[in-house]
Amino acid sequence: EYAGLLKALLLGDKSSFENYDHYKSLGLAHIFAISGLHFGILYHVLKKLLCFLPPMLRTLLISLFLGIALILVGGAYSAQRAFFMVLYSEICFLSGRKTDIYMNLSTSLFLILMLAPEAILSTGLHLSYYAYICVAIIYRKCFKTPLKNRLFESVRFALTIQLLLLPGTLYYFGTINLFGFIANLIMVPIVGALLPGALL
């Protein structure tokens, strides 16, 4: 039972997770999508572990490890987005350029569509970019200063992101669970705390 949950969280493979439909009906399916959260954790851990290496070698090893992770999770579009965005950030670091979030988004989308033009029709791709824009751009512009209390900041973040994602949820799925706000408020911080340990 627990192995099925961890397998779904880490690899996006829900075949052995019997309770997935319950999570899905509560609007929690997104926590099992392999996305920037997974790759972000791996990226920061690898950067710290390999900090003693020359920048070029470190970038090559990070790219290799994340490339293997991308293959392991089946190359989902949300995972591809995270992978290409990390590569862009590393290239900017090596070349001494400042990372531009809009150029990063555009470049990653261009690479995904160049490799698989049919991805433009994928709901997963649309929602991945939509969610990232809500989190990394809109939320940060609305709340430039994080709250000192981490619990209050987590609550504010969870509520705001759910409101921002509401139009997309209604557009793509045509429905919303009234308990979804409460379920996400509880589960998103738990998953955020669980993933680093599960990855280790």
Quiz item: Quick one: is Ala8 of a type in the set (A, V, I, L, M), assigned to a helix (DSSP H, G or I) and without any contact (Cβ under 8 Å) to a residue 24 or more places away in the chain?
Solution: no
Quiz item: Just checking, how many residues over the stretch 30-65 are part of a loop (DSSP other than H, G, I, E, B) and closer than 20 Å to Lys14 by Cα?
Solution: 3
Practice problem: Name every residue in the stretch 66-78 that is among the aliphatic types (A, V, I, L, M), in contact with a Leu (Cβ under 8 Å, 6 or more places away or on another chain) and in a helix (DSSP H, G or I), in order of residue number. | Solution: Leu66, Ala69, Leu72
Exercise. Return only the number of the condition from (1) of a type outside the set (A, V, I, L, M); (2) out of contact with any Cys (no Cβ under 9 Å at 6 or more places or on another chain); (3) open to solvent by less than 40 Å² (accessible area, probe 1.4 Å) that Ser95 does not satisfy.
Key: (3)
Practice problem: Look through Arg97, Arg81 and report the one residue that is assigned to a helix (DSSP H, G or I) and either among the charged types (D, E, K, R) or touching a residue at least 60 places away in the same chain (Cβ under 8 Å) (or both). | Solution: Arg81
Exercise. Could you run through the stretch 1-59 and say how many residues are more than 15 Å from Val191 (Cα to Cα) and among the β-branched types (Val, Ile, Thr)?
Key: 2
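Applying the selection to the stretch 98-110, what residues are open to solvent by 50 Å² or more (accessible area, probe 1.4 Å) and not polar (S, T, N, Q)?
Result: Lys98, Asp100, Tyr102, Met103, Leu109, Phe110.
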Quiz prompt | Qualifying residues in the stretch 13-27 (those that are at pLDDT below 80 and part of a loop (DSSP other than H, G, I, E, B)) - the one surrounded by the fewest Cβ atoms within 10 Å (Cβ to Cβ) | solution = Leu26
Quiz item: Considering only the stretch 38-72, how many residues are surrounded by fewer than 19 Cβ atoms within 10 Å (Cβ to Cβ) and touching an Asp or Glu at 6+ places or on another chain (Cβ under 8 Å)?
Solution: 1
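The values are calculated or read from the model by the stated rules, or taken from the named source; none is laboratory data. All of these numbers come straight from a predicted model, not from anything done at the bench. Note that each Cβ is placed from the backbone with ideal geometry, even for glycine, and that neighbours are counted across all protein chains shown. Accessible surface is based on the protein model in full, side chains and every heavy atom, while ligands, DNA and RNA are left aside. Shrake-Rupley method; radii C 1.70, N 1.55, O 1.52, S 1.80 Å.
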